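This report concerns only the one structure given below.
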Amino acid sequence: MLRRRVRNFIADLPILTKFQLPHSTPTPMRSLIRFSLLLLFATGLPWIASAQTITLTGQVTDRSDRSPLVAMVSKLPAGQTKTLTDAQGRFSLELSVGDSLLIQAFGYQDQRVRVASNQALSVALEPLSAELSEVVVTGYGSSTKKEMTGATSVVKSEEITKLNIPRMDQALQGQVAGVVINTNSGSPGGSTSIRIRGLSTFGDNDPLILVDGVVYDSEGLNALNPNDIESINVLKDGTASIFGVRAANGVILIETKKGQKGGLPVFEYASYLGVQQTAKRLGLLNAQEYAILKNNAFLNGGQTQPFANTALGVGTDWQDAVFQNAMTSSHTLSATGSSNQTTYSLGGSYFTQDGIVGGEKSNFSRYNGRVNLSTDMTDRLRLNSVFLFTHEERKTLPENGIGSVLFNTINAYPTEPIVEEDGRYSYLALVSDIINPIAQMANTYNEVRVNKFVGKEELVWTVNESLTWTNRFNYNYALVDGRVFSPLVWYGPGKAQNSAINADLDAPLVTLAEGFSLERGPSVYQHRDTYGDLTFESYLNYDRTFGDDHHVKGTAGTSVFTRQGKGLGAWAFNIPNNSWEFADISASQAAGGYLNGASSFFFEERLLSAFGRAEYAYKSRYLVSGVLRRDGSSKFGPNARWGIFPAISGAWVISDEPT
């Protein structure tokens, strides 16, 4: 009966009726052949259907309000077939029945869809959930806030933009618990010191700072435009141990802005103009109060009173003379977007700030350019490129301590004018270490120019859905040119800061040998320093969920880091015309070059590392993480060159326990 049904079914198939078997074929053999043809046809049907190319249309919307979304629609596995939806969220794509699609939109969860027919597709994306699903960069990988087992803090770009700050590190001030920012200088472009959970050593207490994986020092943060920053992640405890010996003082991970898939080109221009002034001034004596107080002091000492008339009024307010309203402005232009294969984020900015002390004499200016690209080279290979260029110009005045401009400002006598009737600056006689601060600023010439190049080239190979292999090459180069001009100056009789011997600005004589003396005129000091470092890192990331409850992540890799610095400085005397315009070593008129000189420095350091991290989460409720890193540093001797840095941490999300 079965044989008769198979024979009848095959006979009813038009595609198989052409296969006529010879009458001489035995009946059992005829049945076997027909049954084999049936199996071949049945197994071939899915292949025939899947090979059919169709034009699929569809629309991508927001699940909550059904509004259209601009999204990236791509065929899996991450292939060349991609398209962007239009402003109404519609798309059209050529593919085959049975293919899988990946739909991505910025701010929404990715969604995978299998194409079952050529009917129009409607896809509703779910917005990303809030804070606990926020991605935190942890070094050689990332995690969600909910699954973090260590102490971390995040400052997002929205919070940074509101502050209108000139330096990135100021974004951490008062924003992150356990992080203290101390200002080393109040002048524009001045550096700060960053301390995470206090002091940990008598030596260097600065944290490790990485910008897109590239090592920075705290001084180098001037090169960053705060508007280019996407997020700042601060690692405070065992989470930082993936970076080994350099993470002893904590780690700060800075991510710059990147393009997003599924987005149209977006151009942004941000600008602000401001005026800065002192928030508070010291309550100093005016001329009359100073005269009365000084007379009383001399009277109590049994000496003749210096002021016959104390009705001198207000006199000179030196704080008013020194402090001024200082202009600051910032201009930033950026563009972000994507094509079928590439996402990009480009930016350029200009920032300038005058000092409330000195104005243009203490100005800081920064020109910044940034390129951030991510390109899908093949189905599984992605190239990430980052390039930053910064040009800085900074002028400074003497600050911090005795001899600084502010020291002279608060100690100058209110009974003395700024400028005498003959046009010269007043001398502020009687005290040798106090000079006229206005004259001091006028005779200070100090500038530094920095050109900084930072870059990263990164290849990410997606081996499969759970495993990726990243190879990264980072480079960092800085060229620093500085010039300090010291003119012949006369601040008054007996002043320690005098470089001339009289008010006519005559140069002093320097005796080099018996009977052999030379004039030591105005001088200039110039230096050129270069700093560079290279990093190569290679690591594997594994991320897989088993069933619905077990989430396993792992990282293993190696890192090679080398840094080098060198510099050459020289000084020369007898600069022509006692002028900043001629302040160059080549213009020196020192006889025989006897007074001139030079100095240099050089250093080099290397670091070789291997690291690993394992993470396990059960139902995203019970979490455990372990880190191990081994570092070898050239800073230590042969017998103490290697160190091992382990860490383990765990967490329990009590709020997820069933009630």
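Across segment 277-288, the qualifying residues are those that are in contact (Cβ under 8 Å) with a residue 40 or more places away in the chain and either in contact with a strand residue (DSSP E or B) (Cβ under 6 Å, 6 or more places away or on another chain) or open to solvent by 90 Å² or more (accessible area, probe 1.4 Å) (or both), and the one among them that is farthest from residue 163 (Cα to Cα) is 282.
Looking only at segment 336-348, count every residue that is open to solvent by 10 Å² or more (accessible area, probe 1.4 Å) and either of a type in the set (Ser, Thr, Tyr) or within 18 Å of the chain's Cα centre (by Cα) (or both) and tell me the total. Summing the residues that are open to solvent by 10 Å² or more (accessible area, probe 1.4 Å) and either of a type in the set (Ser, Thr, Tyr) or within 18 Å of the chain's Cα centre (by Cα) (or both) in segment 336-348 gives 9.
Taking the residues in segment 636-659 that are among the hydroxyl-bearing types (Ser, Thr, Tyr) and out of contact with any Gly (no Cβ under 9 Å at 6 or more places or on another chain) as candidates, determine which candidate is surrounded by the most Cβ atoms within 10 Å (Cβ to Cβ).
Of the residues in segment 636-659, the ones among the hydroxyl-bearing types (Ser, Thr, Tyr) are 649, 655, 659.
When the remaining residues are screened for being out of contact with any Gly (no Cβ under 9 Å at 6 or more places or on another chain), the result is 655, 659.
On the way: 655: 8, 659: 2.
Result: 655.
Is it fair to say residue 470 is farther than 30 Å from residue 211 by Cβ, within 41 Å of the chain's Cα centre (by Cα) and surrounded by 15 or more Cβ atoms within 10 Å (Cβ to Cβ)? Walk me through it before giving the result.
Numbers: farther than 30 Å from residue 211 by Cβ: no; within 41 Å of the chain's Cα centre (by Cα): yes; surrounded by 15 or more Cβ atoms within 10 Å (Cβ to Cβ): yes.
So residue 470 does not fit the description; no.
Yes or no, residue by residue, for (1) of a type outside the set (A, V, I, L, M, F, W, C); (2) more than 28 Å from residue 400 (Cβ to Cβ); (3) in contact (Cβ under 8 Å) with a residue 12 or more places away in the chain; (4) touching a Gly at 6+ places or on another chain (Cβ under 6 Å):
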{"site": "332", "(1), (2), (3), (4)": "yes, yes, yes, no"}
{"site": "335", "(1), (2), (3), (4)": "no, yes, yes, no"}
{"site": "341", "(1), (2), (3), (4)": "yes, yes, yes, no"}
{"site": "350", "(1), (2), (3), (4)": "yes, yes, yes, no"}
{"site": "378", "(1), (2), (3), (4)": "yes, yes, no, no"}
{"site": "381", "(1), (2), (3), (4)": "no, yes, yes, no"}
{"site": "385", "(1), (2), (3), (4)": "yes, yes, yes, no"}
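Taking residues in segment 295-309 that are more than 17 Å from residue 416 (Cβ to Cβ), and partners anywhere that are outside any helix (DSSP H, G or I) and open to solvent by less than 90 Å² (accessible area, probe 1.4 Å), the pairs with Cβ atoms closer than 8 Å and at least 6 places apart or on different chains are 298/305; 298/306; 299/305.
Each residue in segment 469-482 was checked for being of a type outside the set (S, T, N, Q) and touching a helix residue (DSSP H, G or I) at 6+ places or on another chain (Cβ under 9 Å), and 1 pass. Does residue 237 satisfy the condition of being touching a residue at least 60 places away in the same chain (Cβ under 8 Å) and open to solvent by 50 Å² or more (accessible area, probe 1.4 Å)? Taking the combined requirement at face value, the residue satisfies it. Looking only at residues in segment 372-398 that are farther than 15 Å from residue 340 by Cβ and open to solvent by 70 Å² or more (accessible area, probe 1.4 Å), the one that is farthest from the chain's Cα centre (by Cα) is 380. Under the condition of being free of Cβ contacts under 8 Å to residues at least 40 places away in the same chain and open to solvent by less than 20 Å² (accessible area, probe 1.4 Å), the residues counted in segment 354-371 number 2.
When residue 633 is tested against (1) open to solvent by less than 60 Å² (accessible area, probe 1.4 Å); (2) touching a residue at least 60 places away in the same chain (Cβ under 8 Å); (3) over 28 Å from the mean Cα position of the chain (by Cα); (4) more than 30 Å from residue 145 (Cα to Cα), only condition (3) is not met.
May I ask you to list the residues in segment 92-112 that are of a type outside the set (S, T, N, Q), touching a strand residue (DSSP E or B) at 6+ places or on another chain (Cβ under 6 Å) and either open to solvent by less than 40 Å² (accessible area, probe 1.4 Å) or in contact (Cβ under 8 Å) with a residue 60 or more places away in the chain (or both)? Break it down stepwise before answering.
The first filter runs over segment 92-112 and keeps only residues of a type outside the set (S, T, N, Q), leaving 93-95, 97-99, 101-103, 105-108, 110, 112.
Those still in the list that are touching a strand residue (DSSP E or B) at 6+ places or on another chain (Cβ under 6 Å) too: 93-95, 99, 101-103, 105, 108, 110, 112.
Correct list: 93, 95, 99, 101, 102, 103, 105.
With respect to (1) of a type in the set (A, V, I, L, M); (2) in contact with a strand residue (DSSP E or B) (Cβ under 9 Å, 6 or more places away or on another chain); (3) surrounded by fewer than 16 Cβ atoms within 10 Å (Cβ to Cβ), the lone exception for residue 297 is condition (2).
Is it true that residue 596 is touching a residue at least 60 places away in the same chain (Cβ under 8 Å), polar (S, T, N, Q), farther than 30 Å from residue 653 by Cα and surrounded by 13 or more Cβ atoms within 10 Å (Cβ to Cβ)? No.
For segment 460-549, which strands (runs of 3 or more DSSP E) that fit wholly inside it have 2 or more residues that are more than 30 Å from residue 384 (Cα to Cα) and in contact with an Asp or Glu (Cβ under 9 Å, 6 or more places away or on another chain)?
Working: elements: 467-486, 509-513, 516-519, 523-546.
Hits in segment 460-549: 467-486, 509-513, 523-546.
Restricting attention to segment 414-441, the residues being farther than 19 Å from residue 282 by Cβ, among the aliphatic types (A, V, I, L, M), free of Cβ contacts under 8 Å to residues at least 60 places away in the same chain and open to solvent by 30 Å² or more (accessible area, probe 1.4 Å) number 2. Do the conditions hold for residue 422, that is, is it assigned to a loop (DSSP other than H, G, I, E, B), of a type outside the set (Val, Ile, Thr) and farther than 27 Å from residue 361 by Cβ? So residue 422 fails the test.
Among the listed residues 307, 351, which satisfies the condition of being of a type in the set (Phe, Trp, Tyr), open to solvent by less than 70 Å² (accessible area, probe 1.4 Å) and in a loop (DSSP other than H, G, I, E, B)? Break it down stepwise before answering.
Numbers: 351 fails: in a loop (DSSP other than H, G, I, E, B).
The match here is 307.
The one condition from (1) touching an Asp or Glu at 6+ places or on another chain (Cβ under 7 Å); (2) open to solvent by 20 Å² or more (accessible area, probe 1.4 Å) that residue 456 does not meet is (2). For the criterion of being open to solvent by 50 Å² or more (accessible area, probe 1.4 Å), over 30 Å from residue 104 (Cβ atoms), polar (S, T, N, Q) and in contact (Cβ under 8 Å) with a residue 24 or more places away in the chain, residue 325 passes. You will find that of 115, 123, 60, the residue that is crowded, with 18+ Cβ neighbours inside 10 Å, at pLDDT 85 or above and touching a Pro at 6+ places or on another chain (Cβ under 9 Å) is 60 and no other.
Applying the set (1) acidic (Asp, Glu); (2) modelled with pLDDT under 85; (3) surrounded by 21 or more Cβ atoms within 10 Å (Cβ to Cβ) to residue 228 leaves exactly one unmet item: (2).
Here residue 464 passes the criteria (1) polar (S, T, N, Q); (2) open to solvent by less than 50 Å² (accessible area, probe 1.4 Å); (3) within 39 Å of the chain's Cα centre (by Cα) except the one numbered (2).
The values are calculated or read from the model by the stated rules, or taken from the named source; none is laboratory data. From a predicted model like this one, the values you see are computed outputs, not experimental measurements. As a convention, Cβ positions derive from the backbone with ideal geometry for all residues, glycine included, and neighbour counts pool all protein chains shown. Each accessible area value is taken on the protein alone, full model and side chains, heavy atoms only, with ligands, DNA and RNA left out. Shrake-Rupley method; radii C 1.70, N 1.55, O 1.52, S 1.80 Å.
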